Amino acid sequence: DQQVKQNSPSLSVQEGRISILNCDYTNSMFDYFLWYKKYPAEGPTFLISISSIKDKNEDGRFTVFLNKSAKHLSLHIVPSQPGDSAVYFCAASALWGQGAQKLVFGQGTRLTINP
Amino acid sequence: DVKVTQSSRYLVKRTGEKVFLECVQDMDHENMFWYRQDPGLGLRLIYFSYDVKMKEKGDIPEGYSVSREKKERFSLILESASTNQTSMYLCASSLSSGLDNEQFFGPGTRLTVL
């Protein structure tokens, strides 16, 4: 049962254009959402996050949008640069037992920026 | 600079062997996690620990166990390795009080079981 879904395994975008990565979730108890970026042979690194009480968060070229009614979030990268080529994981935060938070990850989307 | 290190980048083991994967963090984080990453499946949580000697099962704990004797170290143990445990293993840590629940990841260990 995949609670967090990234339905596009790959995306190819021309340099300078906008990249839009999408993520859907099923559990309405998720209260925080994060995007991670992963290069080959490296661990994922945190990119940007958004609380469920907001609908938008922006950090430089990266903006995350949250539509709670649709249980959908998206990551916009503009303008896209060759260094943005990586696998992007969407993650949702849920309260676990003992008060700890755990992350549920999507399958990932491989973004390729073409020069 | 925050750091999570994993003992090996690449590991090759035989079916039935006992395998230890070690993870160390230098950020004094309370929480530590073990994931495996497989194509098309994303990152799946195996086990996590919220304190020394405390552990909780994640989504796919079968065939694995963990040990946390010290705050900075979290070990993943494959009691009897099988070929379906061939995967990329990622360790992460986080602060309990972190409002954004950001987890910091190590570089990963690519395990091949023959």
Practice item. Could you list all residues from the stretch A:19-57 that are in contact (Cβ under 8 Å) with a residue 60 or more places away in the chain, under 15 Å from the mean Cα position of the chain (by Cα) and not in a strand (DSSP E or B)? Key: A:30, A:31
Study note, to complete from the structure: Within the stretch A:58-80, residues of a type in the set (D, E, K, R) and either part of a loop (DSSP other than H, G, I, E, B) or buried (at least 18 other Cβ atoms within 10 Å of the Cβ) (or both) come out as A:61, A:68, A:71
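Results for (1) over 25 Å from residue A:40 (Cα atoms); (2) at pLDDT below 95, shown as yes or no for each residue.
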position: B:20; (1), (2): no, no
position: B:29; (1), (2): yes, yes
position: B:39; (1), (2): no, yes
position: B:78; (1), (2): no, no
Practice item. Consider residue A:63 carefully, then state whether it is without any contact (Cβ under 8 Å) to a residue 40 or more places away in the chain, more than 14 Å from chain B (Cβ to nearest Cβ), more than 30 Å from residue B:56 (Cα to Cα) and of a type in the set (Ser, Thr, Tyr). Key: yes
Practice item. Confirm whether residue A:86 is touching a residue at least 24 places away in the same chain (Cβ under 8 Å), of a type outside the set (Asp, Glu), touching a strand residue (DSSP E or B) at 6+ places or on another chain (Cβ under 7 Å) and over 30 Å from residue B:54 (Cα atoms). Key: yes
Check your understanding: For the stretch B:26-54, how many residues are more than 10 Å from chain A (Cβ to nearest Cβ) and either more than 26 Å from residue A:107 (Cβ to Cβ) or part of a loop (DSSP other than H, G, I, E, B) (or both)?
Key -> 6
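The values are calculated or read from the model by the stated rules, or taken from the named source; none is laboratory data. Note that the coordinates shown come from a computational prediction; the quantities given were computed from them, not determined experimentally. We place every Cβ from the backbone using ideal geometry, glycine too, and count neighbours over all the protein chains shown.
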